[in-house]
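K.L.:
A single structure is presented below for examination.
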Amino acid sequence: MTTLGVLLVLVLLLVVFGLLFRLQILTSIFSGSSAREFGTSNRVNAVLMLVFLVVGGAAFAWSFGDNFNKMNPPIASVHGHATERMFWITMIIIGIVFVLTQILLFVYSYKYQHKEGQRAYFFPHNNKIEIIWTIIPAIVMAALVFAGWKEWTRITGPAPKDAVVLEVMGKQFNWLVRYPGRDLKLGVVNYRLIDATNEFGFDLSDKSGLDDFVPSEIHIPKGHPVLLKIRSRDVLHAVYMPHFRVQMYAVPGMPTKFWFTPTKTTDEMRAQLGNPKFDYELACNQICGRGHFAMKYKIIVDEPDDYVAWFSQQKSFSEQNPDVLASFKQKEEKLVVKKAAAVIETPAAKASL
Amino acid sequence: MAANLPTQAQVQGGIGVTEPHTTHDEHALHDDHHHDQHWLFKYVFSTDHKVIAKQFLITGIFWAILGGTLSSLFRLQLGWPESTMEWLTPVLGKWVEAGKLNPEFYLALVTMHGTIMVFFVLTAGLSGTFSNFLIPLQVGARDMASGFMNMLSYWFFFISGLIMFISIFLETGPAAAGWTIYPPLSALPQAIPGSGLGMTLWLVSMALFIVSQLLGGVNYITTVINLRTRGMSMSKLPLTIWAFFLTAVLGLLSFPVLFSAALLLIFDRSFGTSFFLSDIYIAGQALPNVGGSPILFQHLFWFLGHPEVYIVIMPAMGMVSEILATNARKPIFGYRAMIGSLLGISLLSFVVWAHHMFITGMNPFLGSVFMFLTLIIAVPSAVKTFNWLATLWRGNIRFTTAMLFSIGFVSLFISGGLTGIILGNAALDIQMHNTYFVVAHFHLVMGSSAFFGLFAGVYHWFPKMFGRMMDEKLGYIHFWLTFIGVYLVFLPMHYVGIAGFPRRYYAWTGFDMFSQFADLNKFISIAAILAFFAQFVFVFNFFYSIFRGRRATENPWRSTTLEWTTPIVPGHGNWPGEIPAVYRWPYDYSKPGAEEDFIPQNVPYSKTTSSNLPYENENE
């Protein structure tokens, strides 16, 4: 019933608007204003252009200042400081262009509005001006490209040899993390071996995988380069850590990587922000399905000593899942038996030829 | 019935004839014919470029309303993530689960919004409408090179749209992998239900859409090259035609690549190939596919996808140039530089695609190359902007609705274009990629700008389309509401983006780092929904004016181009008599010494001796 009422009100409102509109047309015909080429509306629109510039510009400046603190995620990585600086320098450059061009646009619109008896200035081209405003943007762009290129090659260059290595794997809809264990070597994995317990697809016949461990949160040491090895086991995901200015796709079938150096421990960041509940977070930033918006994982930056202590406490995956290990051992034994059998059978098979 | 249709040869004076002018006699013959056309061939299966243009326009308006409705729905979710959506159950049915929008349906909404707006509204609705309408009228041709192919182009688009429309009502929902349909998500129904039949229909629809684009594009290019009237050299073409021409070239070269991507994806989905799939364990099962690359798809997709944004914006640029000059009563500043920058943009648009893929794991060296090429493309764009500003300088500006939208276009193009300099920088893209900064950037620079170009075009050429004027007052209201609305939506969205909010998120409430902008998101949602409702002012004005608008005169804007030399409502064949010849460039506005403040292109220099420049006297 209420829906019907609302609909009725809407229809009546539309009818009223329609009638008002008709009335306005008729009055403008009677008053003769519809016959004039330039009514007062030309002046009104010109003034509105100026009003838009002033009021809009002021509102923009106010809201930008008002939200400025909220829009800057605190930085916690070495390259993050560099890209942040470049971001705001670029923002200032484009901000200057933005303000100048918008002012010219709206002021010209106002200033050169139609006036009776005035004629526009016939000014079809001027090559000198064209050359000037082609070259200046070109130079500015060249400078920006150069700065960007230098930073980009530094960030994407090879990770230092002593970097802490860990693997982040995306799946629908959470992250799985793996550390190489004491041997500092990630073991072999195979997606065909994945099941409910062996979520990584560990191939435990590879000895270097025996000490790999799978923690429930990421720990990384402050001031030490960290190399993320990134992969996905189903669809595309993207590892996104805004505080570290880190982002890289997780691609099934094509491992990717990203390295960075954290600069503030979780505790330091908590103190800096005055927020005892603060935690670094890892989010997914490539559409991956129903739970895309909820792929959260906690990252903790430790002092190097704490990190070492944490690392040494971790139990390896094979230790925690003896059945998985056992199944691999069985397989291996079968393989050995088969091989032995093959060795015995071979002469017989040859003889039969 | 078919016998009554004028054949193409009659319309054009023979296909393949380099001098495409019908003689007066031939044309009189043709005139007798088209009056007794059956309505079905006059209005539905028409081969007249003007009717086809209107078909594209009205279909485009339908899709725009649908695309806008979808965006209002997901803005409701983003603005009020905690509140109940129960009241939407009568419309959305099972997609509202226990008072909440289904997250998969949310993804379907953003996917369909993007697909509809980019392809059906801003490609077909914009370029389809105005390339069709203006190319023959402005180059001085009786119709397109092939009216029949042109008709096919519309009907392929129509069927493509029909299939996409049906997909919205499927049990498993429409495609939901984002408008970029990256596999494996789009390839595997196990990953998201929308990748079942919904995705199949999306791909079929898009394949038909590409056929439509190619049929149209071949026609536009052929018409511009071969069917220009006497005297209409390439250097006398209005900038609209240059823009449509280069847009068609871009489409013709890049859409086939999307077709191949779609085809390979169909193969992966249905025939067990592994072009884009490798090492996948999903829904408790390891898939046999090995060796494919999801990144390969992205290369193929963006090889179209990036030129596509120029396919969307270049027609708007052309029309805005034309409308700014007409209403500032001033020649467009730097006509040749404007053509040069269009050429530059067209060329560069083919070599910047991978800036969408800086952080996909692509070789960082490639990233450097594409960063370099991407930032170069800012130069021709800057030149265009400066030339528009210089066109306004010392003009004598008439604020028609079309002019307002053109000025709005320039403003939005600047605002959105500048942030591209940030996103094109690979080092900065690490943080900004896939955040709301990107969403704000492209909605301003190609979404809203192209829409403003579309509106400017409709308001400007409406009198030639329907012989009546649109109501100016409603036009002003429409412009100011939309202009303010667009800025209220997309400027604050940059703040959300700088803060790192990821796009295509159903809700940000799960993360502490994305918790600070709940109010701002509510504000954006309100502004977006209001701006959407303001569009109905336009819809009303449009349909009302078709039937009841003030009657137009032959040349209401006192413009110089050829379309205004036709009768108020041109018939099939455009000019009742001979096609006028062209003697001068299209921007002789406010020429010193001339009586009027405009000299149409078809006025010979011999009649304007008082205003001729020295070299023009010798041209005769």
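The values are calculated or read from the model by the stated rules, or taken from the named source; none is laboratory data. Nothing here was measured: the structure is a model prediction, and the numbers come from that model. So basically every Cβ, Gly included, is an ideal-geometry build from the backbone, and we count neighbours across all protein chains shown.
K.L.:
Assuming A:MET141 fulfils every condition listed in (1) over 30 Å from A:TYR240 (Cα atoms); (2) facing another protein chain (nearest Cβ under 10 Å) apart from one, which condition is it?
P.N.:
(1)
K.L.:
A further question on this structure: Do any helices (runs of 4 or more DSSP H) entirely within the range A:1-95 hold 2 or more residues that are touching a residue at least 40 places away in the same chain (Cβ under 8 Å) and not assigned by TED's automatic domain parsing to the domain that holds A:PHE278, and if so, which?
P.N.:
It comes to A:40-51.
K.L.:
State yes or no: is A:THR261 farther than 21 Å from B:ARG503 by Cβ, of a type in the set (Val, Ile, Thr) and touching a helix residue (DSSP H, G or I) at 6+ places or on another chain (Cβ under 6 Å)?
P.N.:
yes
K.L.:
Moving to a separate point now. Under 8 Å between Cβ atoms, which residue pairs at least 6 apart in sequence (or on different chains) link something in the range A:291-312 that is under 30 Å from B:PHE105 (Cβ atoms) with a partner that is of a type in the set (Ser, Thr, Tyr)?
P.N.:
Close Cβ pairs (under 8 Å, with a partner that is of a type in the set (Ser, Thr, Tyr)) amount to A:HIS292/B:TYR505; A:HIS292/B:TYR506; A:PHE293/B:TYR505; A:PHE293/B:TYR506; A:LYS298/A:TYR280.
K.L.:
Could you tell me which of the residues B:PHE259, B:PHE267, B:PHE275 is surrounded by fewer than 23 Cβ atoms within 10 Å (Cβ to Cβ), away from chain A (no Cβ under 14 Å) and without any contact (Cβ under 8 Å) to a residue 40 or more places away in the chain? Don't jump to the end; show me each part of the working.
P.N.:
Values: B:PHE259 fails: without any contact (Cβ under 8 Å) to a residue 40 or more places away in the chain; B:PHE275 fails: away from chain A (no Cβ under 14 Å).
After applying the criteria, what remains is B:PHE267.
K.L.:
Hey, another quick one. Condition first: among the polar types (S, T, N, Q) and over 25 Å from B:ALA426 (Cβ atoms). Can you find one or more residues in the range A:252-262 that meet it?
P.N.:
No, the range A:252-262 has no match at all.
K.L.:
Could you look through the range A:119-139, keep only residues that are surrounded by fewer than 19 Cβ atoms within 10 Å (Cβ to Cβ) and among the hydrophobic types (A, V, I, L, M, F, W, C), and pick out the one that is farthest from B:ILE414 (Cα to Cα)?
P.N.:
That would be A:PHE123.
K.L.:
Does the range B:343-356 contain any residue that is touching a strand residue (DSSP E or B) at 6+ places or on another chain (Cβ under 8 Å), touching a residue at least 24 places away in the same chain (Cβ under 8 Å) and within 12 Å of chain A (Cβ to nearest Cβ)?
P.N.:
No, the range B:343-356 contains no residue that is touching a strand residue (DSSP E or B) at 6+ places or on another chain (Cβ under 8 Å), touching a residue at least 24 places away in the same chain (Cβ under 8 Å) and within 12 Å of chain A (Cβ to nearest Cβ).
K.L.:
Report, by residue number, each residue of the range B:521-535 that is among the aliphatic types (A, V, I, L, M), free of Cβ contacts under 8 Å to residues at least 60 places away in the same chain and either facing chain A (nearest Cβ under 7 Å) or closer than 20 Å to B:LEU109 by Cα (or both).
P.N.:
Residues satisfying the conditions are B:ALA527, B:LEU530, B:ALA531.
K.L.:
Counting only residues that are more than 22 Å from A:GLU116 (Cβ to Cβ) and more than 7 Å from every other protein chain (Cβ to nearest Cβ), which one in the range B:387-401 is surrounded by the most Cβ atoms within 10 Å (Cβ to Cβ)?
P.N.:
Going through the qualifying residues, I end up with B:TRP388.
K.L.:
Let me ask something additional. Given B:ALA145, B:ALA177, B:ALA187, which one is farther than 30 Å from B:GLY284 by Cβ, crowded, with 20+ Cβ neighbours inside 10 Å, in contact (Cβ under 8 Å) with a residue 12 or more places away in the chain and not assigned by TED's automatic domain parsing to the domain that holds B:LEU265? First the steps, then the outcome.
P.N.:
Working: B:ALA177 fails: farther than 30 Å from B:GLY284 by Cβ; B:ALA187 fails: farther than 30 Å from B:GLY284 by Cβ.
Step by step, each of B:ALA145, B:ALA177, B:ALA187 is checked, and only B:ALA145 is farther than 30 Å from B:GLY284 by Cβ, crowded, with 20+ Cβ neighbours inside 10 Å, in contact (Cβ under 8 Å) with a residue 12 or more places away in the chain and not assigned by TED's automatic domain parsing to the domain that holds B:LEU265.
K.L.:
How many residues are without any contact (Cβ under 8 Å) to a residue 40 or more places away in the chain and assigned to a strand (DSSP E or B) if we restrict to the range A:179-216?
P.N.:
Here the count works out to 1.
Conditions (1) under 24 Å from B:GLY334 (Cα atoms); (2) out of contact with any Ser or Thr (no Cβ under 9 Å at 6 or more places or on another chain); (3) within 14 Å of chain A (Cβ to nearest Cβ), marked per residue:
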{"residue": "B:PRO567", "(1), (2), (3)": "no, yes, no"}
{"residue": "B:HIS572", "(1), (2), (3)": "no, no, no"}
{"residue": "B:TRP575", "(1), (2), (3)": "no, no, no"}
{"residue": "B:VAL582", "(1), (2), (3)": "yes, no, no"}
{"residue": "B:ASP588", "(1), (2), (3)": "yes, no, yes"}
{"residue": "B:LYS591", "(1), (2), (3)": "yes, no, yes"}
{"residue": "B:ILE599", "(1), (2), (3)": "yes, no, yes"}
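K.L.:
Continuing with this model, one more query. Only one of these conditions is not met by A:LYS161: (1) surrounded by fewer than 19 Cβ atoms within 10 Å (Cβ to Cβ); (2) farther than 30 Å from A:GLU333 by Cα; (3) within 13 Å of chain B (Cβ to nearest Cβ); (4) without any contact (Cβ under 8 Å) to a residue 12 or more places away in the chain. Which number is it?
P.N.:
The failed condition is (3).
K.L.:
Only one of (1) closer than 18 Å to A:ILE92 by Cα; (2) surrounded by fewer than 24 Cβ atoms within 10 Å (Cβ to Cβ); (3) more than 8 Å from every other protein chain (Cβ to nearest Cβ) is not met by B:ALA378, so which one is it?
P.N.:
Of everything listed in (1) closer than 18 Å to A:ILE92 by Cα; (2) surrounded by fewer than 24 Cβ atoms within 10 Å (Cβ to Cβ); (3) more than 8 Å from every other protein chain (Cβ to nearest Cβ), B:ALA378 misses just condition (3).
K.L.:
If you scan the range B:384-419, which residues turn out to be of a type in the set (S, T, N, Q) and within 20 Å of A:SER41 (Cα to Cα)? Walk me through it before giving the result.
P.N.:
Filtering the range B:384-419 down to residues of a type in the set (S, T, N, Q) leaves B:385, B:387, B:391, B:396, B:400-401, B:406, B:411, B:415, B:419.
Answer for the range B:384-419, where residues must be of a type in the set (S, T, N, Q) and within 20 Å of A:SER41 (Cα to Cα): B:ASN396, B:THR400, B:THR401, B:SER406.
K.L.:
Out of the residues in the range B:582-620 that are assigned to a loop (DSSP other than H, G, I, E, B) and acidic (Asp, Glu), state the one that is modelled with the lowest pLDDT.
P.N.:
B:GLU620
K.L.:
Hey, does the range B:447-466 have a residue that's away from chain A (no Cβ under 13 Å), within 30 Å of B:GLU82 (Cβ to Cβ) and buried (at least 20 other Cβ atoms within 10 Å of the Cβ)?
P.N.:
Taking every residue of the range B:447-466 in turn, at least one turns out to be away from chain A (no Cβ under 13 Å), within 30 Å of B:GLU82 (Cβ to Cβ) and buried (at least 20 other Cβ atoms within 10 Å of the Cβ).
K.L.:
Please go through the range B:488-506 and give me each residue that is within 8 Å of chain A (Cβ to nearest Cβ), outside any helix (DSSP H, G or I) and within 25 Å of A:MET269 (Cβ to Cβ), ordered by number.
P.N.:
Once the filter is applied, which keeps residues that are within 8 Å of chain A (Cβ to nearest Cβ), outside any helix (DSSP H, G or I) and within 25 Å of A:MET269 (Cβ to Cβ), the range B:488-506 yields B:ALA499, B:GLY500, B:PRO502, B:TYR505.
K.L.:
Follow-up question, since we're still on this one. Can you spot a residue in the range B:58-75 that is under 30 Å from B:SER195 (Cβ atoms), free of Cβ contacts under 8 Å to residues at least 24 places away in the same chain and among the hydrophobic types (A, V, I, L, M, F, W, C)?
P.N.:
yes
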